[in-house]
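This report refers to the structure that appears directly beneath it.
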């Protein structure tokens with residue numbers, strides 16, 4: 001099996017070098033990796049760092065001069081994949097690339113064609129790194145959107161907004177994706193479920209970061225877009 005790992009990145013000079021090295025170091029038995037980095041109009045040192053590492057780590061780079069949004073970056077990445085399967089990897093250090101191997105197991109064992117890494121099959125530790133009111137807002141918002149997804153599309157999902165979505169390339173080859181921003185998450189989930197795919201969720205570990213560390217998600221704006229996307233793709237197209 002060949003796995004294409006798409007890494008959309010915008011202004012992540014503090015983390016991009018480390019995440020690229022971690023992804024490159026992931027070894028999965030029977031799996032060949034393709035790493036695609038989409039530099040989404042970064043204005044800091046991100047582009048230079050990627051350029052310096054691309055040959056050393058065998059990375060395919062796609063660059064935009066202007067920021068287009070996470071969804072647009074992922075769509076650009078999808079156009080360049082050569083793998084049988086695709087997974088998304090955020091460019092920060094919230095998600096641990098070592099979990100990718102765990103997510104590929106059900107694929108290799110032919111137990112599922114689509115695997116999501118869920119952060120929400122456990123209660124968050126509000127007494128430690130997840131104690132902020134902002135995290136609680138994100139947590140409750142994601143729980144609501146995941147519940148809405150389950151109700152609208154008829155399959156129980158605990159973490160619709162997860163970055164770690166592993167799916168076959170053939171599932172999206174003829175899929176019209178419209179999202180430019182973070183609404184990519186509900187759009188692709190909705191369209192995969194409407195195609196009849198079943199999503200298997202596997203628990204993963206994460207290290208949440210705050211806005212002072214570069215977090216870009218806007219809780220209210222992106223939450224509303226996700227809500228509208230779930231309704232739109234269930235009833236309109």
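Summary of computed values
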read-out	value
For residue 168: the one exception among (1) surrounded by fewer than 20 Cβ atoms within 10 Å (Cβ to Cβ); (2) over 15 Å from the mean Cα position of the chain (by Cα); (3) at pLDDT 95 or above	(2)
Filter pass, residue 103 being in contact with a helix residue (DSSP H, G or I) (Cβ under 7 Å, 6 or more places away or on another chain) and either modelled with pLDDT of 95 or more or assigned to a loop (DSSP other than H, G, I, E, B) (or both)	no
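Residue-wise test of (1) without any contact (Cβ under 8 Å) to a residue 60 or more places away in the chain; (2) buried (at least 16 other Cβ atoms within 10 Å of the Cβ); (3) within 23 Å of residue 225 (Cα to Cα); (4) more than 16 Å from the chain's Cα centre (by Cα).
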| site | (1), (2), (3), (4) |
| --- | --- |
| 31 | no, yes, no, yes |
| 40 | yes, yes, yes, no |
| 43 | yes, no, no, yes |
| 58 | yes, no, no, yes |
| 70 | no, yes, yes, no |
| 76 | yes, yes, yes, no |
| 91 | no, yes, yes, no |
| 94 | no, yes, yes, no |
| 103 | no, yes, no, no |
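The values are calculated or read from the model by the stated rules, or taken from the named source; none is laboratory data. Keep in mind that what you see is a predicted model, and the values were worked out from it rather than measured. Heads up, the Cβs are rebuilt from the backbone with ideal geometry, glycines too, and the neighbour counts pull from every protein chain shown.
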